[in-house]
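Chemist: Here's a structure for you.
Please treat every number below as a calculation from the coordinates, not as lab data. Because the structure is a prediction, the values reported are computed rather than measured. A quick note on method: Cβ atoms are made from the backbone with ideal geometry, for glycine too, and the neighbour counts reach across all protein chains shown.
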Amino acid sequence: MARPGAVIEVDRNTPPVLFHFGEGIRLEKLPLGARIVYPPDPLDPIAHPERAIKRALAKPMEDDPLKSLLRRGMKLTIAFDDLSLPLPPMAAPDVRQLVMEEVIDMAAEAGIEDLHIIAALGLHRRMTEDELRHIVGERIFSTFHPDRLYQHDGEDPENNVYIGKTAEGEDVTLSRRAAESDLVVYVNLTLVPMDGGHKSMSTGLASFRSIRAHHNAKTLLASRSYMNPPDSALHHSCIRQGQLIEDTVRVFHIETTVNNHAFPAIASFMQKRETDWTAQDQAMFLATKQMTDIAPVAFKRNVFHAMRAPYGLTSVQAGQVDAVHDQTLDAVRKQLTVRVEGQTDIVTLGVPYLGPYNVNSAMNPILVVCMGLGYLFNFYRNKPVLRKGGVLILTHPCRYEFDAVQHPSYIDYYDEVLADTTDPIEIEKKYEMRFAEDPWFRQLYRKSHAYHGIHPHYAWIWAAHAMEHAGDVIFVGADRDVVHRLGFKCATTLEDAFEMAEQTVGRYPSVTHLRMPPIMLADVE
Amino acid sequence: MSWYSEGPLTRITSILGGALDDVSRVQRGWHWNTPRPHTWPERGTVVPDPPTDLGWARVEPVRSIRYLIQHGLLLPFTEAMAHPKVEGREWVRELDRPVIFAANHSSHADTSLILHSLTDKARDRTVVAAAADYWFKHPLLGNIVSLFLNTFPFSRTGGAQAQLHSSSQLLKSGWNLVLFPEGSRSPDGRIQEFKPGVGWLAKETGTPVVPMHIQGAFQVMPRHQKLPLPGPVRVRIGKPMTPEAKEGTREFTARVERAVRTLSAEPRQPDIQGTWVERWRASKPRELRYGDD
């Protein structure tokens, strides 16, 4: 049985702890009495994923078996999650590939001619052919690409339809192909509790008009946290939209979960607790540290981004969306949850090289904020680990670097918007429509591999709750000018950061380090 | 009597002079070292000497050496120059019997593009028909090309039954065969009429023909160009076609030619490339297929 997560108190014998630092790593000594929260070890994966998938499709939850829903002459659409998860990308074969192959086998058996497969990427960037091939596998790619396997375009006026308004007045749009299908099979991969459920359809196959209903500062400030759907206004909105979609088109949901085995054997020291490091792990750490210290950034990035995670399938369920998603959330929580007693004055976090929006590219300053103050901070249930007004300390070099292909609108957002204000609500009032409707960004989103023009704003407001909650945010080892533009403080070393934090939280503060990744969900009592 | 008449010296001189005269006449008559007059017809193809079947190129350790050459040199170079986009690879992934790959021919790059578009398994069991009068005129060149591409000499004069026979022997012994039924490279990139050899071979051996169309190779390396230039290429593979019982050799060849021409069209051609269901079934991994049985 996998070892559960743990909270360890630092004493004299505690080894230094690993901090991720962008495309680098550090070992830091934490003050005596500080707590280190470790994620649970990876759960044992299902031994025969294909069999589990077959079983889930044959005995779905609160729905008929998939086979009985397929008939000759019908219009079938399969939609699947894009490359923003899992992180790092999964070693082949991807779970989505296994599920889709099973569904396609059934469709072929039923003699369905009209089958389309759509990557449900919402307002994310289009994937390259190699990225798409990695997710769906060579067999699906060569059979269906490009005319029957393609990526959703949320800005295509011809191929998105307006469905209606929810009771709360939220507009709902959907991909025309999905809306006109007799059956949509949604193939999901859930890594964190934020993913899946109604959110899959209502963001993945939607347009800006639909997504802006919940991707806004007000909703995100009311989502505490968006990693816990029952307490998340974001998810409540998605559910309302999703119910309207389910009234329009028949959707069969297939959700999968994976364990948190995020690092391959060569980087296994990152997966382990420092107390478990063997001599080999220490040697690997030293070698990696030296490499990341001296190698050029581009080289380091290529090495890190080439890493594939040996995730294992831990559950697969199919059928009616609510029933399926409840079980999915249980499986995810079983893997991720760590019980933590009480909040602390200071929380430290190492921000890694990779977030959902910089697969195969640089993590620009806005994405660093999105990752650190957005995702990592929000991995909690009940209450944040950080007390209200506490100090969040993050380690990341936070350089001024942007990928002009993937993140063109981020450059303008950083240079113009953040120079004006960093307040999410004010930004939304002044700049939302300008970025969302910019014709050049729209063109790049549709035809190149760029995120939608509005995406930097979403990345920024993803951190709105943490910005409001934390008394101070300090970046360690970062570029000073960049951090000041983002509206935060900068320290050279972790010790400096603790001293600076004492000015906000007082002397002898309590400190908690969240040792992520691998990811975890802190259940704060 | 003059000193030079009827003597042995006079005879020798006369013989030598006559020989020189003959040589000179022949030289003038056939324009040695000068361009062929444009009024003369094209030099005809010759029936080469009875070829060796180059059996050495299809046994170990030559196959392993070729594997290394292709994976270390030929395929990366092809990828870098043309970045070929392959459609329909599923038809060659799980071949359970030998096939004839019949493709249009506009460039020397065609062979490497076809080999690049095949799976490792199919490529390892594929021989390429190379024009006997072109590639095997110089035995050394022929052998080197054979080491790289697994070629064997194939007559394009249309009359060498012995060579068609050796091709059919290859097919019968389990080798796939790459054929360019046009006979030679297209002078302008357009598809020329197919010669009936491909139909004859398919009928004779009952082998399916896989139509292939290569688009863009003419831009990469047209006729009369010595070095390739980078450019995008699309290789489209159609579903295997089997000659019908009542179909004649020429009719079947015409059908193959139509298929290759259809593949050249821009949108997908389900009639030739297959519906998704057909393609999906064709690409089913073999072990599973047996498992289902």
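Chemist: Between the stretch B:68-87 and the stretch B:217-290, what's the alpha-carbon centroid distance in Å?
Modeler: After rounding, the separation between the Cα centres reads 19 Å.
Chemist: Tally Lys and Arg at +1 and Asp and Glu at -1 over the other residues with C-beta under 13 Å from the C-beta of A:Asp114: what net charge comes out?
Modeler: Taking every other residue near A:Asp114 into account, the sum is +1.
Chemist: With just the Cα atoms defining each centre, how far is the stretch A:120-168 from the stretch A:379-426? Give it in Å.
Modeler: 28 Å
Chemist: Now, a different point. Report the net charge of residues surrounding B:Ile15, where surrounding means a beta-carbon distance below 13 angstrom and charges are Lys +1, Arg +1, Asp -1, Glu -1.
Modeler: Charge balance in the 13 Å sphere: -1.
Chemist: Further, regarding this structure: For the pairs A:Lys334/B:Lys284; A:Lys388/A:Lys430; A:Lys54/B:Lys121; B:Lys137/B:Lys226; A:Lys383/A:Lys489, flag any whose C-alpha to C-alpha distance is greater than 26 Å.
Modeler: From A:Lys334/B:Lys284; A:Lys388/A:Lys430; A:Lys54/B:Lys121; B:Lys137/B:Lys226; A:Lys383/A:Lys489, over 26 Å: A:Lys334/B:Lys284; A:Lys388/A:Lys430; A:Lys54/B:Lys121.
Chemist: Identify all lysines with a Cα-Cα distance to B:Lys203 below 16 Å; exclude those on the same chain that are fewer than 8 residues away in sequence.
Modeler: Counting by Cα, and skipping residues close in sequence, B:Lys203 has these lysines nearby: B:Lys172, B:Lys195, B:Lys246.
Chemist: Then there's this: Listing A:Trp277, B:Trp280 from the residue with the fewest other Cβ atoms within 10 Å to the one with the most, what is the order?
Modeler: Placing the least packed residue first, the sequence is A:Trp277, B:Trp280.
Chemist: Same structure, new question: To the nearest 0.05, what FRET efficiency results for A:Arg148 and B:Thr119 with a Förster distance of 22 Å applied to their C-beta separation?
Modeler: 0.50
Chemist: Where does each of A:338-349, A:415-426, B:212-223 land if you order them by average Cβ count within 10 Å, highest first?
Modeler: B:212-223, A:338-349, A:415-426
Chemist: Using a 10 Å cut-off on Cβ to Cβ distances, tally the other chain neighbours for every residue of A:135-141 and report the average as a whole number.
Modeler: 2
Chemist: Looking only at the stretch A:62-190, where both bridge partners belong to it, what percent of the DSSP beta bridges are antiparallel (to the nearest 5)?
Modeler: 25 percent
Chemist: Still on this structure, I have one more. Taking other Cβ within 10 Å of each residue's Cβ, how do A:Tyr162, A:Tyr445 sort, fewest first?
Modeler: A:Tyr162, A:Tyr445
Chemist: Quick one: what Rg and Dmax do you get for the protein assembly as shown from the alpha carbons, in Å?
Modeler: Answer for the protein assembly as shown, Rg first and Dmax second: 34.2, 142 Å.
Chemist: Here's a follow-up. Only helices at least 27 Å long along their own axis, judged from Cα atoms, and with Kyte-Doolittle mean hydropathy of 1.6 or greater: name those in chain A from DSSP H.
Modeler: Membrane-span-like by this rule: not one helix.
Chemist: What average number of partner chain Cβ atoms lie no more than 10 Å from the Cβ of the residues making up A:104-113?
Modeler: 3
Chemist: Now a separate question. Looking only at other chains, what is the average number of their beta-carbon atoms within 10 angstrom of each beta-carbon in A:279-292?
Modeler: Going residue by residue through A:279-292 and averaging, the value is 0.
Chemist: With 10 angstrom as the radius, rank A:Val505, B:Val86 by how many other C-beta atoms surround their C-beta, starting from the fewest.
Modeler: B:Val86, A:Val505
Chemist: Evaluate the distance, in nm, between pseudo-label points positioned 7 Å from the Cα of A:Val297 and of B:Ala245 along their respective Cα→Cβ axes.
Modeler: 7.3 nm
Chemist: Follow-up question, since we're still on this one. Can you give the log10 of the normalised intensity I(q)/I(0) at q = 0.18 Å⁻¹, computed with Debye over equal Cα scatterers of the stretch B:55-292?
Modeler: Values, matching the q order: -1.61.
Chemist: Which net charge results for the neighbourhood of A:Ala522, defined as the other residues with beta-carbon distances under 12 angstrom from its beta-carbon, given Lys and Arg at +1 and Asp and Glu at -1?
Modeler: Net local charge, A:Ala522 excluded: +3.
Chemist: Turning to a different aspect of this structure: Specify which residue in the list A:Ile78, A:Ala110, A:Met100 is farthest towards the positive end of the charge dipole of the stretch A:71-111, using unit charges on the beta carbon of Lys, Arg (+1) and Asp, Glu (-1), about the Cα centre.
Modeler: Farthest along the dipole direction, towards plus: A:Ala110.
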